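Asks: Attaching a single structure in structure tokens format; questions to follow.
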Amino acid sequence: MPYRLSLLSPISSLLSLHSFQVLTMPQTPKLSPQQKVALVEKIKAGEISRQAAAQSVGVSNTTVRQWLRIYESEGADGLAPREKARHLTAAEKQAAVAEYLAGGVSLFDVCKKYGIRSPQNLQKLVEKAQAGGELRGYHGASRHRGGAYTTAADREKIVRECLVDGCDYGAAALKYNVDYKALVHWVGQYRAGGAAALHDARHSSEGTSRAKGRARAVPPMQRMVIVLDCLENQKNYGAMAQKYAIAYHQIYRWVQRYLQDGWLGMNDRRGPADDPDPAGEWGKIAPADEADAEIWAAKCKGVPEALPAMLRRAGYSWMMIARILFDLARM
């Protein structure tokens, strides 16, 4: 045992708090635009080589070469931080690629002429063109989160037009004010399952599964309209959340309560719904037949214009519609 301790004691002393040091990787220094300009001008004046300049400030030769190229094409202002990145148009990309493929000019020379800061970016454009890909301009739409409400028919129209235009997602997203990522998803679903896939309730409009809507009380009759509209659109909760500016989860809850308790689930109570007419008032004023019930429903106050027709499409008779309107009005 003493022998083992004697072997470990030197190692323990090396790992003591006083002798232990944390090794960190050196970081590339951040030069100001003025320092970069001064360094580039020294290189151009022949006062220092590119390699020596890179070593003096702790950066790579590639970085210094890029500073030189930017300085020569954009001047000293090009080395200052950009407030907004510059993007090439489709025509500029096509011209740059064509000039490089024609031969007799290097990637760096083409980058300098067209203001392309990275030769790797130009190389990617060349490879895309050689593979038969289309060189498009920058739309700024890859992060576009459009707010337009879309039905399944709208999505089918947008997808078809996008496919005809060579899947220019950015242009279509901006044109119809729809979410860029949602549009890409719709096209993929359309290719896989046709137009029927765009009717799937899971494919809601523009990423609204987390939509909060605006906080306000919604009358029971209006809830009924939203629920029936949602069911007519294959339970597209996201689309309804955008259309009515109501929280996604709220619409989902109303639909579930309707499916469980019928129209009585449209009240404000949590839990099972009760008959809103326990005293039997409905029996005193109930219409005599279908014709009277239709007239009664038309004269009922506070009824959303679309609700009677939606209830008819849901399969209710006019007698039942009259009773439903009576109950909703009393909630």
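Asks: Tell me the carbon and sulfur percent of the accessible area for the stretch 213-331, rounded to whole percent, probe radius 1.4 Å.
Replies: Of the solvent-accessible surface of the stretch 213-331, carbon and sulfur hold 53 percent.
Asks: Calculate, for Arg191 and Ser106, the FRET efficiency according to 1/(1 + (r/R0)^6) with r their C-beta to C-beta distance and R0 41 Å; round to the nearest 0.05.
Replies: Step by step, r from the Cβ atoms, then E = 0.55.
Asks: If R₀ is 45 angstrom, what is the calculated FRET efficiency for the pair Glu134 and Gln260, using the beta carbon separation as r and rounding to 0.05?
Replies: So the FRET efficiency works out to roughly 0.30.
Asks: Be a star and scan the stretch 233-253 for residues whose amide nitrogen sits under 19 Å from the point 7 Å along the Cα-to-Cβ vector of Lys157.
Replies: Residues 233-234, 239-240, 242-244 qualify, since their backbone N sits under 19 Å from the label point.
Asks: Separate question: Once amide H atoms are placed 1.01 Å from N in the peptide plane, what residues at a sequence separation of 5 or more from Ala247, or on another chain, have their amide H within under 5 Å of its amide H?
Replies: For Ala247, whose amide H was placed from the backbone, the distant partners under 5 Å are Arg214.
Asks: Moving on to the next point. Spin-label point model (7 Å from Cα, Cβ direction): what's the Ile285 to Asn61 distance in nm?
Replies: Result: 9.2 nm between the two label points.
Asks: While we're here: What's the FRET efficiency of Gln120 with Ala217 using the Cβ-Cβ distance as r and R₀ = 56 Å, to the nearest 0.05?
Replies: 0.50
Asks: Would you work out what percent of the accessible area of the stretch 85-138, with all protein chains in place, is carbon or sulfur (probe 1.4 Å)?
Replies: In the stretch 85-138, the share of accessible area belonging to carbon and sulfur is 51 percent.
Asks: To continue, here is another question. Roughly speaking, what is the centre-to-centre gap between the stretch 68-82 and the stretch 295-320 when only Cα atoms are used, to the nearest Å?
Replies: For the stretch 68-82 versus the stretch 295-320, the Cα centre distance is 70 Å.
Asks: Mind checking the full-extension length gain between Asp268 and Arg313? Use 0.36 nm per residue of separation minus the Cα-Cα distance, one decimal, nm.
Replies: 13.7 nm
The values are calculated or read from the model by the stated rules, or taken from the named source; none is laboratory data. This is a predicted model, so every value here is computed, not measured. Every residue, glycine among them, receives a Cβ derived from its backbone with ideal geometry; neighbour counts consider all protein chains shown. Quick note on the areas: whole protein, heavy atoms, side chains included, nothing else; ligands and nucleic acids left out. Shrake-Rupley method; radii C 1.70, N 1.55, O 1.52, S 1.80 Å.
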